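The values are calculated or read from the model by the stated rules, or taken from the named source; none is laboratory data. In this text, all values refer to a predicted model and were calculated from it rather than measured experimentally. Cβ placement follows ideal geometry from the backbone for every residue including glycine, while neighbour counts extend to all protein chains displayed. Quick note on the areas: whole protein, heavy atoms, side chains included, nothing else; ligands and nucleic acids left out. Shrake-Rupley method; radii C 1.70, N 1.55, O 1.52, S 1.80 Å.
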Amino acid sequence: MDYNADIIRDNNPMDNLEKQLICPICLEMFNKPVVILPCQHNLCRKCANDVFQAGNPYWPTRTSVSGGKFRCPTCRHEVILDRHGVYGLQRNLLVENIIDIYKQDHTSRPEKKKENQPMCEKHEDERINIYCISCQVPTCSMCKVFGAHKDCEVSPLENIYQTQKTELSGCISMLVAGNDRIHTIISQLEESCKAIKESSQKKRESVAELFAELNRVIEEKRADLVERISQAEEEKIHFASSLIVKYQEQLQSSSDLLQSALQMVEQTGHATFLLKSKQLMKRIVESSKGSQFEKTEPGFETMDQFTLDIEHVIECLRSLDFSNSCEYEEEEEDIEEYEETEEVKPEGQQ
């Protein structure tokens, strides 16, 4: 089982010991066997072999007694190997024993679920276990030692993980605070929509009441004008009918006199004619003088006196809009004053 820097870190001696048991190449706990370099620094044999192979790619085919060389990744001290290569380096049994003790202690702790670490694309056998600060990307130990990040500044994943996790937590807090503000704004807007609906309903009812009152006033005015036209019609018809009766009576009286005059003309007796003709002619003259009755004036039969000009009122209605009550009152006063000037009484009779 592999152990790395992601193990639970409490402030106790065992955790401090773990930091001393980290390989500078793979940044994980040393894997047995552990080799000790001439400079007294330690490496996993696998990591030492990887470093050696990278610096001496043709070593397996060489026949020289010299086994090659590489530099310590910790202090850059040059390590010269014999023909056995890294297998000629001594094992650090003390470190291996310490690792065994640490593992035994660690088994008594609650085991933390191990993270499934991704593998390096350039070195398929290497897990991504370090972070390149210069390039801002996670990478593997081999990329740092021999690859594209050998001249870059690196740090253990745990350190960058904690830093970026703290930054992300701050971003999450910002998002949560922003979402809370948005929820508050949404609630306020929903309340505004509700208030708008209530206010609009009240205004619709108010407008309906105003126009109902306007229709009532218009209906009252219409009924009043229609009643006045009917009264004028009745008065004129009554007057004309009374004249018809008078003229009919006059016509009947004139017809009777005409009949008497015709009979008198046919009278052959001179004496009888003279006795009655003078009296009859006097009656005819008196009847002619009394036949001058009242008569209607020109235009008597029309109702032009009730002509109503409502263009001004229509313009006022068309320009009717939401405004303050003072303007409404002024318009109503103007309309009433205008209507009073338009009211005309029926013409008098002769």
To the nearest 20 debye, region 144-245 has a Cα-centred charge dipole, built from +1 on Lys and Arg Cβ and -1 on Asp and Glu Cβ, of 440 debye
Under a plain spin-label model, where a point goes 7 Å from the Cα along Cα-to-Cβ, how far apart in nm are Gln267 and Cys171?
14.1 nm
Name the shape class, rounded, prolate or oblate, that the alpha-carbon gyration tensor gives for region 148-221, where a ≥ b ≥ c are the square roots of its eigenvalues, rounded holds for a/c under 1.5, and otherwise prolate holds if a/b is larger than b/c and oblate otherwise.
prolate
Rounded to the nearest percent, how much of the accessible area of region 146-221 (1.4 Å probe, protein heavy atoms only) is carbon and sulfur?
60 percent
Cβ crowding within 10 Å averaged over residues, with 235-244, 132-141, 176-185 ranked highest first:
132-141, 235-244, 176-185
Quick check on my link table: of Lys46/Lys103; Lys194/Lys221; Lys221/Lys295, which ones sit more than 29 Å apart, alpha carbon to alpha carbon?
Lys194/Lys221; Lys221/Lys295
Holding the Cα-Cα limit at 32 Å, pick out from Lys236/Lys276; Lys246/Lys282; Lys32/Lys122 the pairs that are longer than that.
Lys236/Lys276
